[in-house]
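Peer 1: To start, I am sharing the structure in question, which I have written as structure tokens.
The values are calculated or read from the model by the stated rules, or taken from the named source; none is laboratory data. Quantities reported herein were computed from a predicted structural model and do not represent experimental measurements. When we count neighbours, we look across all protein chains shown, and the Cβ atoms used for this are built from the backbone with ideal geometry, even at glycine.
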Amino acid sequence: MKMNPVDPKNRAATPVHAADSKREQRARPTLGPVARQVAEQYRRDTMSPVMVSGVMRIIEFCVLLLPGFAIYAGHVGLSTHLSLEYPLVIAGVSLLSVILFEFSDAYQMPALRNPMSHAGRIFLCWSSSFAVLLVALFFLKISEEFSRLWLGAWFASGLGVVFVLRLVTSRVIRRWTRNGRIERRAVIVGGGKNAELLIRSIERQPYNDIRICGIFDDRDDRRSPPIVAGYPKLGNVDELIEFARIARIDMMIVSLPITAEARVLTMLRKLWVLPIDIRLSAHSSHMRFRPRAYSYIGSVPMLDVLDRPINDWDSVAKRAFDILFSLLGIVVFSPVMLATAIAIKLDSKGPVLFRQKRHGFNNEEINVFKFRSMYIEQCDPTARNLVTKDDPRVTRVGRFIRKTSIDELPQFFNSLSGSLSLVGPRPHAPTAKAENRLYDEVVDGYFARHRVKPGVTGWAQINGWRGETDTEEKIRKRTEFDLYYIENWSLWFDLKILLLTPFRLLGSDNAY
């Protein structure tokens, strides 16, 4: 389900300080002491079970390779005439085994926690890989050229090291689960009997990796008890947004009946801006869809409403992309950056770099670096006054570097450090305005663009929505393109945007 930004109804302009005050009250509701204490408790990131399973696949592939190569080198020797065939066979059998383990669900968390329950499947998959190898060697008429001792020794030793690895892994995973390092943190939205049934159903699941952090409900204590199934009600839905800014929450489960459509939609309009998975509990619903329409926590069915964008291995791939191309950008543009620094020092007094607070991932404030383009005494770190055409605050060098986007080059270092991504929604200053209204007052759902890291360049910028956002239409269009990018992200999309950026920015007339 995709939530599209809806332009708000026209509202009368309010004085600057009044608008800031209202926004602060709306965006930062006060958490109660218990809710804040719980949020601080879950501030630390956890390891995703998906990531743990993925790393296990890589380790197990290497563990299966090692005895095969070791026995080959020690018994057969590296100088044999089959010096190419042996390594290919070892790699092929190891890869096939990992694939078969995957199809037999041997990398699911229950199997990793309790390896002996899947011992038969592991033995069968490893044996099947060798059976495929023997059949292939027979039909290729080269089976007699391979050492039978090597085959037998590798089969036995490979099976042994896999079981040892899995026994060690199960102990580590159980310890990490007890310590809270491997878990999926969830909050329940909606209290009462539905929430209690949901919590009991989740807690009954064997090897459950869900940690319920608390309950949020807009109803008062008369309609929604303050404690449900031993979990406290921490606040209302507005306070949940602030809670999720502090705590590292993975999932939000709405425990309202599907028939309460109006109430569910009202909540989702507020909560879709958060970078978390949103699920609608279907455990107590009499409506039944096809099994593939559900995701499951154990055997508890859930309807997927929204998925956290760029998660798990996608985030690893994007981070690797950022590091690689940030380093490349620093090397390629280092002469330009050096020349710019010299020109700035010669043109006006003051530091070369300018640091500005911007909204980052999940609404956190980050420091973004730029080359200084204004006179030092007229710099505007809060961006309360947007730069306009022929702005007297901008230096001579500043006009050129802003026009060509050279002033943004230091953000390669932001991307390298991880506060920015190379590609993503451009970060805005917290107090930036369009027509004297804060951006989140102009665009309903504006903060949904912060579900991913902001970027040095983005889809909106290469489509012409760059530079001054002096009108409400400009910030609406920029947000629209940003949300399209989030919903359609891929590494190829990032590469396309990155390659198009120099051509689109040089031909832009919107930057002053």
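Peer 1: Tell me whether the range 293-315 contains one or more residues that are out of contact with any Pro (no Cβ under 6 Å at 6 or more places or on another chain), small (Gly, Ala, Ser) and at pLDDT 85 or above.
Peer 2: Looking only at the range 293-315, we keep the residues that are out of contact with any Pro (no Cβ under 6 Å at 6 or more places or on another chain), and these are 293, 295-307, 309-315.
From what is left, the residues that are small (Gly, Ala, Ser) are 293, 295, 298-299, 315.
Then keep just the ones that are at pLDDT 85 or above; that gives 315.
Looking for residues that are out of contact with any Pro (no Cβ under 6 Å at 6 or more places or on another chain), small (Gly, Ala, Ser) and at pLDDT 85 or above, one finds at least one in the range 293-315, hence yes.
Peer 1: If you scan the range 345-367, which residues turn out to be within 17 Å of Ser421 (Cβ to Cβ) and free of Cβ contacts under 8 Å to residues at least 60 places away in the same chain?
Peer 2: The one that is within 17 Å of Ser421 (Cβ to Cβ) and free of Cβ contacts under 8 Å to residues at least 60 places away in the same chain: Asn367.
Peer 1: Is it the case, given these coordinates, that Pro351 is surrounded by fewer than 19 Cβ atoms within 10 Å (Cβ to Cβ) and at pLDDT below 90?
Peer 2: In short, yes.
Peer 1: While we're on this one: Which numbered condition trips up Thr266, out of (1) closer than 22 Å to Leu31 by Cβ; (2) touching a strand residue (DSSP E or B) at 6+ places or on another chain (Cβ under 9 Å)?
Peer 2: Against the list (1) closer than 22 Å to Leu31 by Cβ; (2) touching a strand residue (DSSP E or B) at 6+ places or on another chain (Cβ under 9 Å), Thr266 comes up short only on (2).
Peer 1: Restricting to the range 84-137, and then to whatever is of a type in the set (Ser, Thr, Tyr) and in a helix (DSSP H, G or I), can you tell me which residue is surrounded by the fewest Cβ atoms within 10 Å (Cβ to Cβ)?
Peer 2: The initial filter retains those residues of the range 84-137 that are of a type in the set (Ser, Thr, Tyr), namely 86, 94, 97, 104, 107, 117, 127-129.
With in a helix (DSSP H, G or I) added as a condition, the list becomes 86, 94, 97, 117, 127-129.
Values: Tyr86: 20, Ser94: 23, Ser97: 25, Ser117: 10, Ser127: 14, Ser128: 14, Ser129: 23.
The residue in question is Ser117.
Peer 1: Give Ile199, Ile188, Ile173, Ile182 a once-over and let me know the one that is buried (at least 18 other Cβ atoms within 10 Å of the Cβ) and in contact with a Lys or Arg (Cβ under 8 Å, 6 or more places away or on another chain). Write out each step before concluding.
Peer 2: On the way: Ile199 fails: in contact with a Lys or Arg (Cβ under 8 Å, 6 or more places away or on another chain); Ile188 fails: in contact with a Lys or Arg (Cβ under 8 Å, 6 or more places away or on another chain); Ile182 fails: in contact with a Lys or Arg (Cβ under 8 Å, 6 or more places away or on another chain).
Going through Ile199, Ile188, Ile173, Ile182 in turn, the sole match is Ile173.
Peer 1: Under 6 Å between Cβ atoms, which residue pairs at least 6 apart in sequence (or on different chains) link something in the range 21-50 that is surrounded by fewer than 16 Cβ atoms within 10 Å (Cβ to Cβ) with a partner that is at pLDDT 60 or above and outside any helix (DSSP H, G or I)?
Peer 2: Listed by first residue and then by second, the contacts come to Asp45/Arg248; Met47/Arg181; Met47/Ile182; Val50/Asp312.
Condition check ((1) farther than 25 Å from Asp45 by Cα; (2) part of a loop (DSSP other than H, G, I, E, B); (3) modelled with pLDDT of 85 or more) across all residues:
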position: Asn194; (1), (2), (3): yes, no, no
position: Ser201; (1), (2), (3): yes, no, yes
position: Arg211; (1), (2), (3): no, no, yes
position: Asp218; (1), (2), (3): yes, yes, no
position: Arg223; (1), (2), (3): yes, yes, no
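Peer 1: Still on this model: Can you go through Arg476, Arg466, Arg449 and tell me which one is part of a helix (DSSP H, G or I) and more than 18 Å from Gly360 (Cβ to Cβ)?
Peer 2: Arg476
Peer 1: Let me ask something else. Assess whether Phe103 counts as being outside the structural domain of Ile249 (by TED's automatic domain parsing), closer than 20 Å to Gly158 by Cα and within 31 Å of the chain's Cα centre (by Cα).
Peer 2: yes
Peer 1: Output the residues belonging to the range 422-446 that are surrounded by fewer than 24 Cβ atoms within 10 Å (Cβ to Cβ), under 26 Å from the mean Cα position of the chain (by Cα) and in a strand (DSSP E or B).
Peer 2: Answer for the range 422-446, where residues must be surrounded by fewer than 24 Cβ atoms within 10 Å (Cβ to Cβ), under 26 Å from the mean Cα position of the chain (by Cα) and in a strand (DSSP E or B): just Asp444.
Peer 1: Okay, next question. Out of the range 401-421, which residues are among the hydroxyl-bearing types (Ser, Thr, Tyr) and either out of contact with any strand residue (DSSP E or B) (no Cβ under 7 Å at 6 or more places or on another chain) or surrounded by fewer than 20 Cβ atoms within 10 Å (Cβ to Cβ) (or both)?
Peer 2: Thr404, Ser405, Ser417
Peer 1: Output the number of the condition that Ala343 fails; it satisfies all remaining conditions of (1) surrounded by fewer than 15 Cβ atoms within 10 Å (Cβ to Cβ); (2) part of a helix (DSSP H, G or I).
Peer 2: (1)
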